[in-house]
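Undergrad: Pasting a structure below so you can have a look.
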Amino acid sequence: MKEQERFEPRIIGFLCNWCAYTGADLAGVSRMKSAPNVRVLRLMCSGRVDPTFVLRAFQLGADGVLVAGCHPGDCHYQEGNYKALRRTLLLKRVLRQFGIDERRLRLEWISASEGEKFARVANEFTEEIRALGPLELTAALETGPALELEEVRA
Amino acid sequence: MSKPKLALYWAASCGGCEITVLDIEEKILDVAAFFDIVFWPCAMDFKYKDVEAMEDGSIDLCLFNGAIRTSENEAIARLLRRKSKILVAFGSCACDGCIPGLANLTTREEILDWVYRGSPSTINENGVRPQPKVRVPEGELEIPEFYEEVRTLAQVVPVDYFMPGCPPQPPQIVKVMTAIMTGAQLPPPGSVIGAGDKTCCDECGRTRQEKRVKRFYRPWELVPDPDQCLLDQGIICLGPATRSGCGALCVKANMPCRGCYGPPPNVTDQGAKMISALASVIDSQDPEEIQRILDQIPDPAGTFYRFSVPASLLHRRRSAPAA
Ligand code: SF4
Ligand code: SF4
Ligand code: FES
């Protein structure tokens, strides 16, 4: 396939402020090569990633969603990453029932010093989603309700 | 002065929403006295052409129950929208898709294949499938088209009010009808009426504790303690992901809430809310153990979205794209 025809996946990355985001930042300042497909959103903690955010990302056109937080035991809010782990495992089962390949949702632990790991995860995940192809939920779901500000706060 | 006009309709539904209207008991006499009932296929003999002949906007209030599954459901939804001043999505099917909406976790083809071929009680040697149009000696017959997916009423036409519940509970119906009949100020269009603005848990009197669940139970696997929160006991109760309004009816009967009042205010996706709530009660930090505990939930999507697959963010199952 010609280079310009290659499918460029859209990936949303929810990264926790204290570890994963700092790790991604380190990858950046160290000029490591990481796929630009992962669009990063910084949250305070991986435990803040409401399953609604993940579904909304898919609904609005994401082909993959990365949730990344501190390693087990390192979450700055003690329990947040374990909560993220339980949510992700459950959400993957639900995604499967909706006909969405569960590999499109990925959870990773990335510390503040693991810039290299962030770059590797971003590259690997991009290639994995590229192989899975586009998800294309957007067109079929135009009747979906709009996310209200109150919902983000809830 | 002529009386205000009332229409009631059922689309893809079970009929429970029709019965609940009668369950308001003697109040139904007030309703019948106040309104001129101009269309109610379940109870009175009207034809679609009677509605077609009415002037646009001449029905004052239309209570529409049922989801949109067929072309007939859609056509009547559009017709009644045009003829009605106030269109109410009445009951869970019209609001969120409800039980008919669970069909969105499978496909049209799978449904037809099971019903007309696969099921053990099917005898259909010629592989006959329903056709929207068929020629018989007497002429051409037409039946409604069975759509690929189930939609909510609001996914088809603009809706003024949403009245959730499977079915809406009689005291709530009385409250709404009384408000309408006394000319009380109605909330802004788009509002949920006949329900609360909290969660089912807020109406539940059970004692809650720090939730620590190592094992989930199906309701038939144990007799729950009547005073403790069911979720604490490992029974999946949708209370935290469900709008208040029923008075926690099921929970009072020692059964978990299944979620029929739909998502609470400011929650778009009922199932996502429930995933979040469940992830908080599981007592494990070990991926394998968590997986084992989660495997005790046989049908997560059907459980968390029992009443709201069509209204959910994902709306329906996708068939896997060709690799
Ligand atoms: S989860 Fe169920 S049993 Fe527990 S408080 Fe909420 S409604 Fe009551
Ligand atoms: S307890 Fe839940 S399922 Fe039962 S009537 Fe109330 S909202 Fe519906
Ligand atoms: S702060 Fe990083 S996962 Fe909680």
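Undergrad: Compute for chain B: radius of gyration divided by Kirkwood radius, i.e. Rg/Rh, restricted to C-alpha atoms, rounded to two decimals. Present the calculation step by step, with values, prior to reporting the outcome.
TA: Working: Rg = 21.9 Å, Rh = 21.6 Å.
Reported Rg/Rh, Kirkwood definition of Rh: 1.01.
Undergrad: If one computes the Cα centroid of the stretch A:1-53 and of the stretch B:1-66, what distance in Å separates the two points?
TA: After rounding, the separation between the Cα centres reads 54 Å.
Undergrad: Ok, one more. Rounded to whole Å and sorted largest first, list the principal axis extents of the Cα atoms in the protein assembly as shown.
TA: 80, 58, 46
Undergrad: Aspartates and glutamates near B:K252 by alpha-carbon distance under 12 Å, same-chain residues fewer than 8 away left out - which ones?
TA: Counting by Cα, and skipping residues close in sequence, B:K252 has these aspartates and glutamates nearby: B:E203, B:D225, B:D227.
Undergrad: Between the stretch B:204-222 and the stretch B:232-264, what is the separation of their alpha carbon centroids in Å?
TA: Between the Cα centre of the stretch B:204-222 and that of the stretch B:232-264, the gap is 12 Å.
Undergrad: Right, here's the next one. About its Cα centre, how strong a charge dipole does the protein assembly as shown have in debye, to the nearest 20, once Lys and Arg get +1 and Asp and Glu get -1 at the Cβ? Each step should come with its number before you reach the end.
TA: Values: 57 positive and 62 negative charges, 160 e Å.
Once rounded to the nearest 20, the dipole reads 760 debye.
Undergrad: Taking each residue of B:124-130 in turn, how many C-beta atoms of other protein chains fall within 10 Å of its C-beta, and what is the average?
TA: 0
Undergrad: Please identify the trypsin sites (Lys or Arg not before Pro) of the stretch A:1-91 that satisfy two criteria: DSSP loop assignment and at most 12 other Cβ atoms within 10 Å. Which are they?
TA: On the way: sites: A:K2, A:R6, A:R10, A:R31, A:K33, A:R39, A:R42, A:R48, A:R56, A:K83, A:R86, A:R87; in loops: A:K2, A:R6, A:R10, A:R31, A:K33.
Answer in residue order: A:K2, A:R6, A:R31, A:K33.
Undergrad: Given DSSP loops and a limit of at most 10 other Cβ atoms within 10 Å, what is the longest stretch of chain B that contains no such GluC sites (Glu not before Pro)?
TA: B:211-323
Undergrad: So, one more: Past the 21 Å Cα-Cα mark, which pairs from A:K83/B:K198; A:K33/A:K117; B:K27/B:K85?
TA: Going by Cα-Cα distance, A:K83/B:K198; B:K27/B:K85 fall outside the 21 Å limit.
Undergrad: With springs only between Cα atoms under 10 Å, which of A:G99, A:G47, A:G115 fluctuates most in a Gaussian network model of chain A?
TA: Of A:G99, A:G47, A:G115, the Gaussian network model singles out A:G99 as fluctuating most.
Undergrad: On to the next question. With a 10 Å cut-off between alpha carbons and a GNM built on chain B, which of B:S308, B:S92, B:S84 moves the most?
TA: B:S84
Undergrad: Continuing with this model, one more query. How far, in nm, would the chain grow between B:E26 and B:T122 when pulled straight, counting 0.36 nm per residue and subtracting the alpha carbon separation? Write down the numbers at each step before the final one.
TA: Details: separation 96, 0.36 × 96 = 34.56 nm, distance 4.45 nm.
Gain on extension, B:E26 to B:T122, equals 30.1 nm.
Undergrad: Can I ask one more? At 25 °C and a viscosity of 0.890 mPa s, what translational diffusion coefficient does Stokes-Einstein give for the stretch B:200-304, taking Rh as the Kirkwood radius over Cα pairs? Give it in µm²/s as a whole number.
TA: 176 µm²/s
Undergrad: What's the Cα-based Rg to Rh of the stretch A:33-85, Rh via Kirkwood?
TA: We get a ratio of 1.00 for the stretch A:33-85.
Undergrad: Another one. In peptide B:305-318, what is the residue-averaged number of other protein chain Cβ atoms found within 10 Å of each Cβ?
TA: Average neighbour count from other chains, rounded to a whole number: 5.
Laboratory data are not the source of any read-out in this text; all were calculated from the coordinates shown. Predicted, not measured: the structure shown is a model, and the values here were computed from it. Note: ideal-geometry Cβ built from the backbone for every residue, glycine included; neighbour counts use all protein chains shown.
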